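Notes for the one structure printed next.
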Amino acid sequence: MTFEYNGIYYDVIIEKKRTTKNTYIRVKDDLNIYVTTNIFTSDRYIEKLLKDNYKSVCKMIDKEAIKIDNNLDFNYLGKTYKIVYGDLKKIEFSDDKVYMSKSFNVDAWYKKQAKKIFLEHLNYYYENFSRNIPYPSLRIRKMTTRWGVCNTKSHAITLNLELIKRDTKYLDYVICHELSHLVEANHSKAFWKVVEENYPKYKEARRDMRYF
């Protein structure tokens with residue numbers, strides 16, 4: 001079975017399991033479409049499901065393709081650099097290139113930069129926040145489905161390490177979003193009012209980040 005999008009045919013891999021009750025569609029980094037379902041689900045039903053959810057599946061493909069493109073280059077604070085490998089002990093930047101050895105630990109470097117930059121931005125928005133909130137602790141880790149998390153009980157904010165690759169305006173939005181949860185725990189109208197007080201262009205940032 002295949003799925004056509006923009007003239008390209010993507011393989012549909014069907015995984016039928018006795019223990020699976022519902023049907024799930026996802027796109028992996030090989031750009032194949034994986035459908036997990038019950039052993040009694042017919043192929044005709046799967047074809048109809050893919051047709052009915054055509055736009056959603058296309059968005060999944062686009063999102064995964066962007067991730068693949070990002071991994072081919074070096075992205076840092078919203079700028080993309082071509083990677084040039086060489087016999088270097090540290091990372092070096094030019095206008096459009098980054099120079100490093102093939103053994104360079106990129107994730108460790110990203111995390112080191114993120115600890116400094118994320119904390120600076122967190123402190124700025126905390127000090128200028130429109131409401132009275134407790135000072136949060138900062139955690140940084142890779143997350144696959146969320147840009148940030150706020151634990152309202154422990155007052156801990158976790159930021160996705162991937163934000164270090166983006167323009168800092170998205171980091172600022174996520175920080176304001178999570179700080180606002182220290183005022184309003186849910187996503188009510190009152191919550192979005194607090195977000196807007198501290199990051200007026202939040203709707204624009206949210207729209208852009210749907211395609212990351």
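The values are calculated or read from the model by the stated rules, or taken from the named source; none is laboratory data. Computed from a predicted model, the values in this text were never measured in an experiment. No Cβ is skipped: glycine too gets one built from the backbone with ideal geometry, and neighbour counts run over all protein chains shown. Keep in mind that these areas ignore ligands, DNA and RNA; they rest on the heavy atoms of the full protein, side chains included. Shrake-Rupley method; radii C 1.70, N 1.55, O 1.52, S 1.80 Å.
Restricted to region 200-212, and to residues there that are part of a loop (DSSP other than H, G, I, E, B) and free of Cβ contacts under 8 Å to residues at least 40 places away in the same chain, the residue that is most open to solvent (accessible area, probe 1.4 Å) is Arg210. If you go through region 1-54 and keep only what is touching a strand residue (DSSP E or B) at 6+ places or on another chain (Cβ under 8 Å), hydroxyl-bearing (Ser, Thr, Tyr) and either open to solvent by less than 40 Å² (accessible area, probe 1.4 Å) or part of a loop (DSSP other than H, G, I, E, B) (or both), you end up with Tyr10, Thr20, Thr23, Tyr34, Thr36, Thr37, Thr41. Residue by residue through region 159-190, note down the ones that are outside any helix (DSSP H, G or I) and open to solvent by 70 Å² or more (accessible area, probe 1.4 Å). Answer for region 159-190, where residues must be outside any helix (DSSP H, G or I) and open to solvent by 70 Å² or more (accessible area, probe 1.4 Å): Ala185, Asn186, His187.
Quick check on Asn53: is it within 26 Å of Phe118 (Cβ to Cβ) and at pLDDT 90 or above?
Answer is no for this residue.
Checking each residue in region 115-158 for being farther than 30 Å from Arg26 by Cα, surrounded by 13 or more Cβ atoms within 10 Å (Cβ to Cβ), touching a residue at least 24 places away in the same chain (Cβ under 8 Å) and in contact with a helix residue (DSSP H, G or I) (Cβ under 8 Å, 6 or more places away or on another chain) picks out Ile117, Phe118, His121, Leu122, Tyr125, Tyr126, Phe129, Ser130, Ile133, Pro136.
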